[in-house]
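The values are calculated or read from the model by the stated rules, or taken from the named source; none is laboratory data. Source: prediction; values computed, not measured. Here the Cβ positions follow ideal geometry from the backbone for every residue, glycine too, while neighbour counts run over all protein chains shown. To get the accessible areas, we keep the full protein, side chains included, count just its heavy atoms, and leave off ligands, DNA and RNA. Shrake-Rupley method; radii C 1.70, N 1.55, O 1.52, S 1.80 Å.
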Amino acid sequence: MTTPPKPATGSGRAELPLGRVLFANMLLLGVAILWGSHIPVLDVLLGTLDVWTVALFRYLVLIPVALGWIMLSTPRPLQPTQSQVENQAQSQARTRFPLGRIAILGIPGVLGFALCYSAGIYFAGPISAAIIATCSPVVATLVNWGISRVRPGRAMWLAMGFAVAGGLIAVSSSEPAGPGQDHRVPVLGEALLVCGMICWSSYSVFAQRWLAGYSQLQITGFTMTAAGTGMVLLYPLLSLAGLAHMPDALPPLAIVAGIVYVALLPTLFGTFLWHSGIGIVGVPVAALYMNLLPIFAVLISMLIGIIPTTGQVIGGLVVLAGVAQAQFHRLKTQPS
């Protein structure tokens, strides 16, 4: 029995074929587009519903779709799809379904990110959320460094500098606040956004380690289901505390459509693409693409009449230069 190569979780030093690297780039570009659309849509949803209720509805939509997707596409849904064991102890451990690890990944990781990020947008506003998103490569690289002990290389630091600078330029122009976004607590909002990024980066690294052998679809579905279960259990307590408020009537059709969109595309499918991408190139390299979030958020906002400024266009070009520089350096070291 042969052992497949481990997924890259470091600074992009693992040797990978050119085709796989390019495929990962396409996946991560799709993630950036989907998650970029998440910001303006979530901004609208939070104008009608509170953070907790949006999270509850999101997972109530997501869970049955995720479980159905796994059941229909995986012959043995609860079993690993690959044999990636290095010793007998690991083999015996993987005969048991890793429920505890999935709960840790799903509740503090996925749900912690979702709640912190949504609350951060509510308190700080979408522009501040986009600014903080440009720091995603720094947070992801530092978290990966702390967990994996993989020190970032010079090319990665240069790429992060380009990406952060470009993202900051792109979101430097002001835009009108969305409906229901009048009450801001900037310091609290930005702190929550950073906490959310730490939750997501930690989840991304540990998910590939703890659930090695399971497909990326299984990893996504299991952890998202755990996050949704945690939200269902938490919601009654939040409601009793007066923090969560169930609407008295069915929300407008546009709000319902927004919840379904956020649940199925940015959250479920976007996370599946994310895991598929980081399984190839690792978290630090993949996080560079998150600097494209504000760019796509602005482009998508053009559909509702918001025109990008010169600074946003220049920022987008700088971000693209940063991502291209990192990938060019990586491709030079990969076999064809």
* Asked: Which one of these is assigned to a helix (DSSP H, G or I) and modelled with pLDDT of 90 or more: Val285, Val256?
  -> Val256
* Asked: Taking the stretch 250-259 only, how many residues are open to solvent by less than 70 Å² (accessible area, probe 1.4 Å) and without any contact (Cβ under 8 Å) to a residue 12 or more places away in the chain?
  -> 2
* Asked: Out of curiosity, is Leu67 within 22 Å of the chain's Cα centre (by Cα), at pLDDT 90 or above, over 19 Å from Gly277 (Cβ atoms) and surrounded by fewer than 22 Cβ atoms within 10 Å (Cβ to Cβ)?
  -> yes
* **Condition check for Asp43: buried (at least 18 other Cβ atoms within 10 Å of the Cβ), modelled with pLDDT under 95 and within 17 Å of Tyr261 (Cβ to Cβ)** => yes
* Where residues in the stretch 109-148 are among the hydrophobic types (A, V, I, L, M, F, W, C) and farther than 22 Å from Leu45 by Cβ, which of them is surrounded by the most Cβ atoms within 10 Å (Cβ to Cβ)? -> Ala140
* To do: Consider only pairs whose beta carbons are under 7 Å apart and that are at least six residues apart or on different chains; among these, list those whose first residue lies in the stretch 134-161 and is free of Cβ contacts under 8 Å to residues at least 60 places away in the same chain and whose second residue is of a type in the set (A, V, I, L, M, F, W, C) and in a helix (DSSP H, G or I).
  => Val138/Met160; Val138/Val164; Ile147/Val205
* Which condition does Pro247 not pass, out of (1) open to solvent by 10 Å² or more (accessible area, probe 1.4 Å); (2) part of a helix (DSSP H, G or I), if it passes all the others? -> (2)
* Structure fact -> Screening Val285, Val262 for residues that are crowded, with 16+ Cβ neighbours inside 10 Å, over 14 Å from Phe57 (Cα atoms) and not aromatic (Phe, Trp, Tyr) leaves only Val285
